[in-house]
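Below is one structure, written out as structure tokens; comments come after it.
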Amino acid sequence: MPTLDELAAEMQDIVFAHFDTSTAWRLGCLIREKGDAGKLAIATEITLAGHLLFAAALPGATPDNTEWIRRKRNTVMRFHQSSLAMRLLCEAKGKSLAERYGLSETDYVASGGGVPILIRGGACVGAVVVSGLPDVEDHRLVVEAMREILASPQG
């Protein structure tokens, strides 16, 4: 399990110079390819400025994964932090999101798999979310794919 400090450092490593529909498509396809290769029963979604740019569900994923994605995305967009960081923060404080922030558990969840799309300068412009694996693995899959896209010539 990563620490909050490790997650904060990780967020510094996955900052984009720009993020557009082409970037979203490449990133979404990469996550889907990784899911296919690992025979992972996952669903994924990428949003930018409130627009759905990519969504996919692999064999074995269920409509429940879509609900988890929605709640993780809401958490990312509310706090501009990964949903895993929010989980660790809540655990450290001994309070749920509902207790600490007055948020509905129907609409928000502190569970890994949602990662903010950060642009140089610190703006959070969207979210990349995966659901279907244990939450730390959901998070790792997203971050791994984001790093690969950033390292690519088109990054």
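Computed from the coordinates by the stated procedures, all read-outs in this text should not be read as laboratory data. Keep in mind that this is a model prediction, so the values were computed, not measured. We place every Cβ from the backbone using ideal geometry, glycine too, and count neighbours over all the protein chains shown.
Whole-Hz Karplus ³J(HN,Hα) for the stretch 44-57, in order, using 6.51 cos²θ - 1.76 cosθ + 1.60 and θ = phi - 60°, x for Gly and Pro?
Rounded to whole hertz, the list is 9, 8, 10, 10, 9, 6, x, 9, 6, 9, 8, 8, 8, 10.
Between Ile149, Gly102, Ala56, whose Cα lies farthest towards the positive end of the dipole of the chain when Lys and Arg beta carbons carry +1 and Asp and Glu beta carbons carry -1, centred on the Cα centre?
Projecting each Cα onto the dipole axis, the largest value belongs to Gly102.
Given charges of +1 on the Cβ of Lys and Arg and -1 on the Cβ of Asp and Glu, with all other atoms neutral, how large is the dipole of the chain about its Cα centre, in debye to the nearest 20?
Working: 16 positive and 19 negative charges, 51 e Å.
I would put it at about 240 debye.
Show me, for the stretch 20-31, the HN-Hα J-couplings you get by feeding each phi into the Karplus relation (A = 6.51, B = -1.76, C = 1.60, θ = phi - 60°), rounded to Hz, glycine and proline as x.
9, 4, 5, 4, 4, 5, 4, 5, x, 5, 5, 4
Using all Cα-Cα distances in the chain, what percent lands in each 10 angstrom bin from 0 up to the longest?
In order of increasing distance, the bins hold 12, 45, 35, 8, 0 percent.
Among Arg32, Arg120, Arg147, what is the fewest-to-most ranking by other Cβ atoms within 10 Å? Numbers along the way, then the final one.
On the way: Arg32 18, Arg120 9, Arg147 14.
Ordered by Cβ neighbours within 10 Å, fewest first: Arg120, Arg147, Arg32.
For His139, His80, His51, which order do you get if you count the other beta carbons within 10 Å of each Cβ and list the fewest first? Mind showing how you got there, number by number?
Numbers: His139 27, His80 14, His51 10.
Ranking His139, His80, His51 by Cβ neighbours within 10 Å, fewest first, gives His51, His80, His139.
Ranking Glu45, Glu33, Glu137 by Cβ neighbours within 10 Å, fewest first, what do you get? Show your work: numbers first, answer last.
Values: Glu45 24, Glu33 11, Glu137 16.
Starting with the residue having the fewest Cβ neighbours, the order is Glu33, Glu137, Glu45.
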